[in-house]
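To start, the structure itself, in C-alpha cells.
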Amino acid sequence: MPIAEPHKELRFTRAGQATGLWILAAMAAAAAVILFSITIQREAPHPAWALLPLGLAGGLVFLALHCTRHAYLILSPIGVEIFPLIRPAAGMQVIGWSEIAAIDIDDRRITLHFNRDRTAGIHLTLSPIPKARRPLLIRALEGRAG
C-alpha cells in the first residue's frame with residue numbers, strides 16, 4: 001500500500017534488534033561451515049549435522065531482515081502508529097495525538113499517557129531503535145507534545 005504523504009511521517013524500524021540478530025546469524029553460519037569441514041576431514045558423523053546451524057542461520061537472517069525492513073513506530077500527522085514484531089499489519093495500533101495527554105521519556109522507554117493524572121497509557125521500549133536514532137524520536141515527540 002503506497003504511503004499518501006511520506007514526507008509528513010517519521011518511520012523508526014527495529015534496526016537496533018536486527019544488529020544482534022545479524023551477528024547471531026553470522027555465528028550460526030560459521031558454526032555450520034566449521035561443523036561441515038570437520039565432518040568431511042575426519043569422516044565423523046554425517047555432514048547433514050551442519051544443516052542444523054545452517055537452518056538456524058537462515059531463520060535468524062529472515063528475522064533480522066524483518067526487523068530491518070519493518071517499522072516499529074511511525075510518527076504521522078494522525079498520531080503514533082505502533083507495530084508489533086509478529087504480524088505487524090494485523091496487530092498495528094494507532095494512538096491519535098488527541099488521545100495523548102502527556103509524554104514521559106527516559107533512557108529505556110517512552111510512556112504515552114492518556115490522561116493528565118498519568119494513570120493510563122502505554123509504555124514503549126526504546127531497545128528496538130538504534131541509539132543513534134533515539135534523539136530524533138525524542139525530539140519529534142517533545143516537539144509534538146510541547
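The values are calculated or read from the model by the stated rules, or taken from the named source; none is laboratory data. Not measured: the values here are computed from a predicted model. Every residue, glycine as well, gets a Cβ built from its backbone with ideal geometry; the counts of neighbours run over all protein chains shown. Heavy atoms of the whole protein, side chains included, go into the accessibility calculation; ligands, DNA and RNA do not. Shrake-Rupley method; radii C 1.70, N 1.55, O 1.52, S 1.80 Å.
Figures for the structure shown
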{"quantity": "Full-extension gain in nm, residue 144 to residue 97, via 0.36 nm per residue minus C-alpha separation", "calculated": "16.1 nm"}
{"quantity": "Largest to smallest principal axis extent of the C-alpha atoms in the chain, angstrom", "calculated": "69, 33, 25"}
{"quantity": "Rg(Cα) / (2.2 N^0.38 Å) computed for segment 33-113, rounded to two decimals", "calculated": "1.87"}
{"quantity": "Which of 22, 97 is most accessible, then next, and so on - probe 1.4 Å", "calculated": "22, 97"}
{"quantity": "Cβ crowding within 10 Å averaged over residues, with 84-91, 67-74, 32-39, 129-136 ranked highest first", "calculated": "67-74, 32-39, 129-136, 84-91"}
